[in-house]
Amino acid sequence: MSSAAQTLEINQLREQIAGSVFTAEDAAYQEARLAWNRAVDQYPALIIKAKNAQDVVAGIRFARQHGLGVSVQSTGHGLHIAANDALLIVMADMNAVTVDPAARTARVEGGAIWQDVLAVATPLGLAPLLGSSPGVGVVGYTLGGGISWLARKYGFAADSVRWIEVVTADGELRRVSPTENTDLFWAVRGGGGAFGAVTALEFDLYPVPTVYGGNLIYPAGLASDVLHRYREWIDTVPDELTSSVVVMKFPDLPFVPEPMRGLVQVFVRAVYTGDVAEGAALLQSWVNWRAPIANTFAEIPFSQIGTVSSDPEDPVSAYNSNETLTMLSDQAIEAILGAIIADDSPFYMMDMRHGQGALQHKKANPSALSNRDTKIYLQMGGAAFSPEAYKRVQSAVQRLNANLRDSARGGYLNFMSGPEAKVRVQSVYPPETLARLQAIKREYDPENLFRFTFQFA
Ligand SMILES: Cc1cc2nc3c(=O)[nH]c(=O)nc-3n(C[C@H](O)[C@H](O)[C@H](O)COP(=O)(O)OP(=O)(O)OC[C@H]3O[C@@H](n4cnc5c(N)ncnc54)[C@H](O)[C@@H]3O)c2cc1C
């Protein structure tokens, strides 16, 4: 197609949709192509900032007609595969949320972030199953599983989904639910964004107005002791308690105050949903064991749940990876601490979340979610301010993974980065689940339009 014809067709698309269309010639393109994770440096052929489901339908039909792949982005917190020469559909303006307090459900548009849901649900005493950061997108998080601070009590966020509206690669808007397009309903919950662009979904909320939560901070010298104690402790706690132990190393970077650079601290982080005194008693056993440097535990309104992890709100450049572990073996503890504490380590964070509880209970509506009985979700994070730094973290992840073989069982979709979408995704599922995902992908997206996300083949 000549460039004049192309311009004409792009202008027709502009007139057809309620949202905006940008090419590299538009001033707004540079801002629109950014992901929250700045490690993604992408140059799409075309960007649509969608305002409604019909914009998404029009975009996907346009992409098919012109042989473009499609990448769907709500915030850019997630998997980072650059949508070069593709159509990037940015969902961020589709962020409406409505809550039905009687049914205890929330209906959100495809680009809503968790803060949008908290703002509407928590004044009604209702809590969604968001993760550590309210800035993360509802859809990307939920399709990958979704491990929240209420996870051991209420399970994966994906298990709480009632229905989803999704535009598939043929440009059709489909509703998927336990009774409609049941194969797709199975696949997207746990299979991620490879099957279409989600324009809306509805999920359950829970009556949790406040929680008891916070952090105990210990010095680096106690890191090994804390991990060994954590391993024993989690076998004794009830499902009302969801916890993690996080080893943080302040990076040697200009924005970190000089005395803090390279400093390692260990955080015992937890949220208890239930009687405050019971939660406090569970955490008191740590304080009795060793006095922490700081103790932030308190009863907090659920609207403030983001303060438990205090994840960064501003954009970062990071490479995250993960391993699911059957146990925190002595070898795993040594490997994890060695990997982050080493002077030349590119990691700034190792987060070990306690799984099981309600996460392992299969729900009435089956889904592609796998490895439900994982005991520890290990997330590793490293700064990736340059392509070289990105590669350094990748190599360190591979080295650590090799040292975790005695307890590793595969990955968790939500904590994967970039190329892992192709090379590690198979480790997430048992063979029969993977084969079913491949078959459903072939049926709904035979040309692999949605190729900037998880690849099952
Ligand atoms: C600071 C931080 C904290 C986190 N905490 C947790 C946590 O506690 N628990 C947890 O389970 N995970 C957590 N995650 C991981 C997070 O769930 C994933 O990164 C998730 O993919 C982010 O979704 P997003 O929509 O914000 O990101 P995006 O980068 O916009 O999207 C990621 C992928 O999701 C898919 N997607 C997004 N929107 C749509 C849509 N509307 N339709 C179809 N597909 C879509 C696409 O395939 C896209 O590539 C965290 C990540 C970060 C960076």
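Brief remarks follow.
- Flag for T122 being under 17 Å from the mean Cα position of the chain (by Cα), in contact (Cβ under 8 Å) with a residue 40 or more places away in the chain and not in a loop (DSSP other than H, G, I, E, B): no
- Boolean, V139 is in a helix (DSSP H, G or I), within 16 Å of the chain's Cα centre (by Cα) and either under 30 Å from D55 (Cα atoms) or more than 9 Å from the ligand (Cβ to nearest atom) (or both): yes
- Qualifying residue in the range 393-405 (condition: at pLDDT below 95 and farther than 26 Å from G338 by Cβ): no
- Taking the range 321-343 as the range and being within 19 Å of D252 (Cβ to Cβ), surrounded by 17 or more Cβ atoms within 10 Å (Cβ to Cβ) and either within 16 Å of the ligand (Cβ to nearest atom) or modelled with pLDDT under 95 (or both) as the test, only I341 passes.
- Looking across K362, K422, one residue alone is of a type in the set (D, E, K, R) and part of a loop (DSSP other than H, G, I, E, B). It is K362.
- Qualifying residue in the range 442-450 (condition: of a type in the set (F, W, Y) and either away from the ligand (no atom under 15 Å from the Cβ) or more than 22 Å from R38 (Cβ to Cβ) (or both)): yes
Results for (1) in a loop (DSSP other than H, G, I, E, B); (2) under 22 Å from I305 (Cα atoms), shown as yes or no for each residue.
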site	(1), (2)
F203	no, yes
G214	no, yes
S224	no, no
R231	no, no
T236	yes, no
S244	no, yes
D252	yes, no
V256	yes, no
Q265	no, yes
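- Beta carbons closer than 7 Å, at least 6 apart along the sequence or on distinct chains, pair a first residue in the range 372-392 that is charged (D, E, K, R) with a second that is assigned to a strand (DSSP E or B) and surrounded by fewer than 24 Cβ atoms within 10 Å (Cβ to Cβ) for K375/L325.
- Failed condition for D159, given (1) without any contact (Cβ under 8 Å) to a residue 12 or more places away in the chain; (2) assigned to a helix (DSSP H, G or I): (1)
- Residue in the range 111-135 that is nearest to the ligand (Cβ to nearest atom), counting only those that are hydrophobic (A, V, I, L, M, F, W, C) and under 22 Å from A368 (Cα atoms): L130
The values are calculated or read from the model by the stated rules, or taken from the named source; none is laboratory data. The structure presented is a predicted model; accordingly, all values stated were derived computationally and were not measured. Virtual Cβ from ideal backbone geometry, glycine too; neighbours counted across all protein chains shown.
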